[in-house]
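A.B. asks: Structure incoming, see below.
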Amino acid sequence: MIVITTPTGDIGRQVLDHVLDSGEAVRVIARDPSRLSARVHAQAEVLEGSHGDADTITKALEGADRMFWLVPPAAFTRTDGARRYYVEFTRAACRTAASRGVRVVGVTSLGHGYQGEAGLLSAALAMDELFEGSGVHYRALALPFFMENLLRQAPAITEQGTFSMANAADRPLPTVATRDVAATAAALLLDTSWSGHARVALVSPDNLTPDAMAEAISDALGRTVRYRQTPLADYQAAIVQRGASQAMAQDFAVMVEAQNNGVYDAEAHGPGTATGFRQWCQDTLKPAVQS
């Protein structure tokens, strides 16, 4: 039995599709089962609830031997910060998985070994320490910046010919496509031969600065798109205006500062995943902008 968390999320949904294709027994945990497809309801056991809840995760792991784990985006309104949120959300699942010998494939951040605070990224790394310290058989998918984050900027790209972030315009920002994350996660879930804990770094083969990303987007769309770097203070203020607590906004700002300081370079990674940024622009961003 394979348990899938976040089955309606961008990564979890793709992992679930791969696992359903394999014919393995699947159980999903969903806050809102109505958002699941008819295929999922037909082929998987559905458990309503949050995988951060002790009773829910205990039920979910009954008779299971593998689990895909992803902590949902941190609640903007929390006043105690991202690290506590990640650890508290994970604690019950970690304890239960350890007691039952469940292999866990988890989504985390690239940057293990970074000397300094990294906000949300440090929170994910603290989650890894919890799993590894418990004796859980664990594969940590260590990820940099998601290419799909740029889909939120499709309106600005379409209407203004720009996209904006607080990341330094001339600093390489490693990226990854969620489809490569999902394919790797599914392959590990379907492989019952591994044990212990290890990190699996996934980074696209091209290591572009935001300015170079703008050039790649321009080539894909056939028109000029420019990158605008937002001052970090303005970025943090905008997050607060959208309803975030000061603590969470600070964690986001510290994350970007760490990205600008090379947090992703602290951890070694291989030759690159299947999807390069330019290919992703053609396959995913261009249709989103055109629609």
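A.B. asks: With a point put 7 Å past each Cα toward its Cβ, work out how far residue 160 is from residue 215 in nm, to one decimal.
C.D. replies: 2.4 nm
A.B. asks: To continue, here is another question. Order the peptides 101-107, 58-64 from the highest to the lowest mean number of other Cβ atoms within 10 Å of their residues. Can you show the working numbers first?
C.D. replies: Values: 101-107: 22.3, 58-64: 17.1.
Ranking the peptides 101-107, 58-64 by packing returns 101-107, 58-64.
A.B. asks: Treating region 26-73 as a set of equal point scatterers at the Cα positions, no solvent, please give the Debye-formula log₁₀ I(q)/I(0) at q = 0.13, 0.15, 0.23, 0.32 Å⁻¹.
C.D. replies: -0.28, -0.38, -0.89, -1.35
A.B. asks: Express the carbon and sulfur contribution to the solvent-accessible surface of region 1-131 as a percent, rounded to the nearest whole number, probe 1.4 angstrom.
C.D. replies: Taking all protein chains in place, region 1-131 shows 47 percent carbon and sulfur surface.
A.B. asks: Helix check for the chain. Which DSSP H runs span at least 15 Å along their own axis by Cα, with a mean Kyte-Doolittle hydropathy no less than 0.5?
C.D. replies: 120-134, 178-190
A.B. asks: Run the numbers for residue 62 and residue 234: contour at 0.36 nm per residue of separation, minus the present Cα-Cα distance, in nm.
C.D. replies: On the way: separation 172, 0.36 × 172 = 61.92 nm, distance 4.69 nm.
Extra length from residue 62 to residue 234 when fully extended: 57.2 nm.
A.B. asks: So if R0 is 41 Å, what FRET efficiency would residue 10 and residue 115 give, r being the distance between their Cβ atoms, rounded to the nearest 0.05?
C.D. replies: On the way: r = 31 Å, r/R0 = 0.75.
With a Förster radius of 41 Å, E is 0.85.
A.B. asks: Choose one answer from 241, 259, 43: the residue with the largest mean-square fluctuation in a GNM of the chain with alpha-carbon springs under 10 Å.
C.D. replies: Looking only at 241, 259, 43, the largest GNM fluctuation is found for 241.
A.B. asks: With every protein chain present, what accessible area does residue 240 have (1.4 Å probe, heavy atoms only), rounded to the nearest 10 Å²?
C.D. replies: 50 Å²
A.B. asks: Also: Contour minus end-to-end for residue 87 and residue 46, with contour as 0.36 nm per residue of separation and end-to-end as the Cα-Cα distance?
C.D. replies: On the way: separation 41, 0.36 × 41 = 14.76 nm, distance 2.50 nm.
Residue separation times 0.36 nm, minus the Cα-Cα distance, leaves 12.3 nm.
A.B. asks: Let me know the Kirkwood hydrodynamic radius for region 6-115, please, with Cα pairs as the basis and the value in Å to one decimal.
C.D. replies: Taking the inverse mean of 1/r over all distinct Cα pairs, region 6-115 comes out at 14.9 Å.
A.B. asks: So for the chain, what are the equivalent ellipsoid semi-axes in whole Å, largest first, each being the square root of 5 times an eigenvalue of the Cα gyration tensor?
C.D. replies: So the equivalent ellipsoid measures 31, 22, 19 Å along its semi-axes.
A.B. asks: In the chain, if the dipole is taken from +1 on Lys/Arg beta carbons and -1 on Asp/Glu beta carbons about the Cα centre, which of 143, 213, 20 is farthest to the positive end?
C.D. replies: Going by the charge dipole, the pick is 20.
A.B. asks: Starting from the Cα-Cα distance between residue 242 and residue 198, subtract it from 0.36 nm times their residue separation and give me the gain in nm to one decimal.
C.D. replies: On the way: separation 44, 0.36 × 44 = 15.84 nm, distance 3.68 nm.
Stretched fully, the residue 242-residue 198 segment lengthens by 12.2 nm.
A.B. asks: So, one more: Taking the full set of protein chains and a 1.4 angstrom probe, give the accessible area of residue 34 in square angstrom, rounded to the nearest 10.
C.D. replies: 90 Å²
A.B. asks: Moving on to the next point. If you take the beta carbon distance between residue 99 and residue 187 as r and set R0 to 30 Å, what does 1/(1 + (r/R0)^6) give as a FRET efficiency, to the nearest 0.05?
C.D. replies: Working from the Cβ atoms, E equals 0.70.
The values are calculated or read from the model by the stated rules, or taken from the named source; none is laboratory data. This structure is a prediction, so every number in the text was calculated from the model and none was measured. Positions of Cβ are backbone-derived with ideal geometry, glycine not excepted, and every protein chain shown enters the neighbour counts. Accessible surface areas use protein heavy atoms only, side chains included; no ligands, DNA or RNA. Shrake-Rupley method; radii C 1.70, N 1.55, O 1.52, S 1.80 Å.
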